[in-house]
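The values are calculated or read from the model by the stated rules, or taken from the named source; none is laboratory data. These numbers were taken from a predicted model, which means no experiment stands behind them. Protein only, heavy atoms only, side chains kept; ligands, DNA and RNA dropped before computing areas. Shrake-Rupley method; radii C 1.70, N 1.55, O 1.52, S 1.80 Å.
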Amino acid sequence: MLQGFREVPRAVWLLSAGVFVNAVASFTFVFVFVYLTGPRGLGIPVAGLVTGIGGIGAVAGNFTGGWYGDRYGHRRVLLTASVLAGTALALLPLLPAAALYAVLPLAQYALGVVRSANSALVAVIVPTGVRRQAFAVVRCVSNGGFTLGAPLGGLIATGLSYDWLFVADGVGTLFFALWTARVVPARGAARTPADASAGGLDGVSDGSPDGSADEVSDGSPSGARSGARRGGIWPELRARPAVLVLLGAVLVVDIIYRQQYSTFPLFLADHGLATGAYGLIIALNGAVILVLELPAAVALRNRPPLRVVGLGLLFVGAGYAALLSGAGAGAVISMMVLLSLGEICYKTTAMAYVADQAPSHAVGRFQSLYAGVSVSGVVLGAPLGGALYSAAPGLLWPLCAALAGAAGGAVLWMSAKPARPAKPAGPAHGAAGGGGNGGKVGDGGNVGDGGAIGDGRDRETVGNGTRHEQRPAHEQRPAHETGSRPRPVAG
């Protein structure tokens with residue numbers, strides 16, 4: 001299995017170490033409602049309002065973080081948002097209750113920006129063809145950190161106080177900013193994706209005087225900003241209908257997937273199962289993901305991505321269909337295993353597919369769109385599922401299974417469609433680009449047969465039309481891909 005991760009850049013492994021530490025300390029979201037109604041003394045409706053606003057802030061941050069990154073640089077945005085979120089969380093216990101209405105949503109918004117900016121940063125430093133493994137590494141360490149963080153947070157809350165939860169979370173987020181600044185330096189030259197696949201993109205300075213250190217640049221007014229202004233995002237999405245279908249399918253399925261955290265425990269309680277049983281079932285989800293996430297990424301890395309995503313969505317639907325037989329041990333275990341397999345199949349693969357399909361000047365915005373739809377269920381899942389469960393409890397699981405099945409079928413249908421030539425989204429993409437701020441060019445070429453395209457770059461297509469682009473080895477990576485212009489190095 002390790003052989004399949006050999007091409008994952010060193011920068012991703014180092015970044016993942018920071019993600020793990022930050023995830024271990026990210027336990028406030030688990031206890032925030034208890035904190036507001038307990039030590040802070042807010043009523044349940046008021047605490048629900050504050051928590052709800054915070055959830056909206058988190059989703060909004062996911063939707064907008066990549067847009068900032070395309071304009072100002074993904075590394076710069078990641079560092080800024082991490083410092084803002086960490087400071088707000090660490091100071092939260094010192095603030096009056098009235099300030100929580102603004103500060104908590106602000107912190108959640110900044111954390112959402114961090115999530116999407118981190119995804120975009122991974123997307124631009126990892127070559128096409130290795131992104132599934134890279135995103136799987138990040139997801140696996142993040143899930144591992146959360147698994148350890150929840151019980152650790154409980155010990156801190158009971159042994160010290162709830163205030164220390166927010167202080168620890170804030171310190172963990174600030175550490176992530178410092179760690180990222182260290183392992184993803186701002187200065188230096190970035191290799192092209194083709195070079196990265198051949199020799200590895202380390203993303204860290206080794207101190208060599210010949211400039212061989214592989215580093216990721218920071219923000220650029222001339223590169224990232226000019227790329228961000230290069231037309232709207234909608235023409236790019238219209239030129240990639242499979243991406244639109246995938247985003248819509250993930251939005252629907254995320255609302256369904258999140259039912260395991262809202263209506264599913266109510267369903268178990270109505271059938272006489274205790275809270276402890278629910279905790280064990282949720283723990284099964286984490287265990288399956290930790291054991292199978294990385295092996296699955298290697299085993300499926302050469303499979304057509306849309307087929308893998310579609311299969312994952314069908315697994316989610318099958319999981320909820322298992323509950324049609326009741327709340328017996330076999331049904332709920334089958335449900336959780338199928339949900340976990342679905343998550344393993346679709347989440348990492350969909351994230352990598354969106355990154356592969358993104359034009360080079362809009363990697364961040366594409367990642368933000370995926371990040372936003374992939375957490376929309378946090379806000380929409382509980383109210384929609386709760387309303388349906390209250391009105392017609394027997395209808396919830398059949399509807400979840402049917403909608404997830406339809407979403408999976410739509411993605412599989414797009415996978416089965418023959419590839420068609422991609423239409424250029426605007427004049428900016430028809431010009432040959434060799435400079436530091438050029439976007440992906442020549443999109444008007446026939447990508448279905450892997451033929452030569454107007455700008456002379458080799459591009460090949462696999463499976464369902466995913467495009468793999470190889471830049472000449474001498475061509476420098478566009479500045480907006482990493483978020484900055486290369487700066488001169490002394491000597």
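Couple of notes before you dig in:
- When a 1.4 Å probe is rolled over the protein heavy atoms, the share of accessible surface on region 19-61 that falls to carbon and sulfur comes to 82 percent.
- Phi-based couplings in Hz for region 343-351 (Karplus 6.51, -1.76, 1.60; Gly and Pro marked x): 4, 4, 6, 8, 6, 5, 5, 5, 4
- Using the Karplus relation 6.51 cos²θ - 1.76 cosθ + 1.60 with θ = phi - 60°, the per-residue 3J(HN,Hα) values for region 264-272 come to 4, x, 5, 4, 5, 4, 5, 9, x Hz, with x marking Gly and Pro.
- For region 1-152, the solvent-accessible area works out to 37 Å² per residue, with a probe of 1.4 Å and every protein chain left in place.
- Within the accessible area of region 91-184 (1.4 Å probe), percent carbon and sulfur: 75 percent
- Solvent exposure of region 321-385 as accessible area per residue, Å², 1.4 Å probe: 23 Å²
- From phi via Karplus (6.51, -1.76, 1.60), per-residue ³J(HN,Hα) for region 352-362 in Hz, x at Gly/Pro: 5, 5, 4, 5, 5, 7, 6, x, 5, 8, 9
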